[in-house]
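Structure record follows, encoded as structure tokens.
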């Protein structure tokens, strides 16, 4: 049946302003579960409660939990976007798309504003007059680059006040890793010229530097100054190494980030290629969470906001595989973050940029495949994850068998509970099961009662298989092992309410204390256990957290797949039974006659419909009229 919001929500929807702003959706406990921005608050927020929203499983899950909505009016969309980012960072709502790792990339920093500039590493960019080069994917790549560069450009690393009058230099001067302006071996102008050439090399503009050094090397060789010629040769080798480790792309591309994505089974991987001065200087993969049910367009748009909201550098162009919503607004936001310099979002159809999109897409697919393959093949990681989880949750044994339960519902319609099983850290799909919820009224969803029914039926089957040798479970005798075994860890999707339901069910079967149970909330970075109001926070980079997230993602994927199939079936049934005179028997006869296809019934003539048992010509005319109205409505 159609979704009907509560009176409280309906009052809010009727009185929302037609102004730009940010909306905050809250659950029954008052926790913020989603933050969004809107050009017109009334239109955007009301769209969550229309029939069109039922095409998105994620939206249906979200709206079933909304109990209150706050909003903040802003002057324009740019300010709304900035506020949205601030609130998402503060509250980390579970339904907002998020980066799995909000790391900052390392850069090379040159303090050009100082009389004798230094070369340093940093993960933050400030408007302090320094020059920044990067980003680099890892700090080891920065250190490696600097180690090579220092052989060609022996820059300062000490904290001395440089006067040129020190009596002696440090050891680095003796081993040719410092030009020693401290003793006047080079003056300020000479030192700054050297640092300027170093910056040219980092910028990919090394041609003039190489040309000058080649000339000096030849001159030194002609004057038989072989020691100097050898030193310059080493400089050239270092510059060549730095230059060649960056792949040439196109001289026309000066400062671009190329972004593409790959998706599979509820998991999303983003690939970024960093192009600077016509060369590919680095790339990185980023995993996203809470993307199920979202379109590629929405995922890309949200990624750009999450990624550049915390980025140290904004390029002058972001290259994407497809258009995103509110492109111009995001461009203006990026321009403001870049200090007023223009930023363009482009979607190339051909040429070098299109080829780079294809490279990024291929790399995203490979990264997603590799992430899964490495986990499933690395038994050490799985053992580590299970050991970490055992310790964090204070379990008596490693949770070698994990069962996770999730509820998927369209506000009381087609409610399905799903169970997925992980054995020794790897999904065991042969033991996945579905429960069609029967005890919950279709007048409104009740996740707690749905979870209670699913768990009760699961442990009733455990009881039957262990106490009744003649019991044949659904699926046949060869399927009873999946019910006979108890989990080493029972997980339920949700917060404390779902946890309390699971505890009550376990107590009914005298299994509480024997079967450890937890609930997973806030994108499962918080794990709730019985008897404790405070959640357990797993380490952000721990194998235990990754295992829990994989279990959660797989449970959501399986629940969504199950629910979508059932909704489709119910949709077909409801369309026919809405026709006066068509009951269950005639509906079944129609579906049988036309291959279970509403499209085939819709395309049939009145004469063809009238040939179905139980369907007379008058009813056939009604069916034809009403199915045609469905298409045209």
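Only the coordinates and a few stated rules stand behind these numbers; no lab work does. The shown structure was predicted, so the numbers you read here are calculated from the model rather than taken from an experiment. Here the Cβ positions follow ideal geometry from the backbone for every residue, glycine too, while neighbour counts run over all protein chains shown.
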Full extension from residue 8 to residue 347: what is 0.36 nm times the residue separation minus their Cα-Cα distance, to one decimal in nm?
-> 117.8 nm
Considering the Cα trace of the range 254-389, what is its radius of gyration and what is Dmax, both in angstroms?
-> 16.4, 51
Listing 217, 269, 370 by rising number of other beta-carbon atoms within 10 angstrom, fewest first, gives 370, 217, 269
Spacing of the two label points (7 Å from each Cα toward its C-beta) at residue 297 and residue 372, in nm = 2.7 nm
If you average the sequence gap of Cα pairs under 8 Å that are 6 or more apart and divide by the length of the range 7-96, what percent do you get for the contact order?
-> 39 percent
When only C-alpha pairs under 8 Å and at least 6 residues apart count, what is the relative contact order of the range 305-391, in percent?
-> 26 percent
So how tilted is helix 327-337 from the main axis of the chain? Cα-based, degrees 0 to 90, rounded to 10.
-> 40 degrees
What fraction of the DSSP beta bridges in the chain is antiparallel, stated in percent and rounded to the nearest 5?
-> 80 percent
Percent of Cα-Cα pairs per 10 Å bin, from 0 to the last occupied bin, for the range 1-151, please list those.
-> 10, 28, 22, 14, 15, 9, 2, 0
When the Cα atoms of the range 82-131 are enclosed in a convex hull and the volume is divided per residue, what value in Å³ results?
-> 91 Å³
Relative contact order of the chain: what whole-number percent is it, with Cα pairs under 8 angstrom and at least 6 residues apart?
-> 9 percent
Can you give the angle from 0 to 90° between the axis of helix 447-467 and the longest principal axis of the chain, with both taken from C-alpha atoms, to the nearest 10?
-> 80 degrees
Between helix 77-91 and the chain: long-axis angle, C-alpha atoms, 0 to 90°, nearest 10 = 80 degrees
Starting from the alpha-carbon convex hull of the chain, give the projected area averaged over all orientations, in nm².
-> 38.4 nm²
Mean residue ellipticity at 222 nm from the helices of the chain, using -39,500 (n - 2.57) per DSSP H segment of n ≥ 4 over the full residue count, to the nearest 500 deg cm²/dmol?
-> -14500 deg cm²/dmol
Which order do peptides 41-48, 220-227, 391-398 fall in by mean Cβ count within 10 Å, highest first?
-> 41-48, 391-398, 220-227
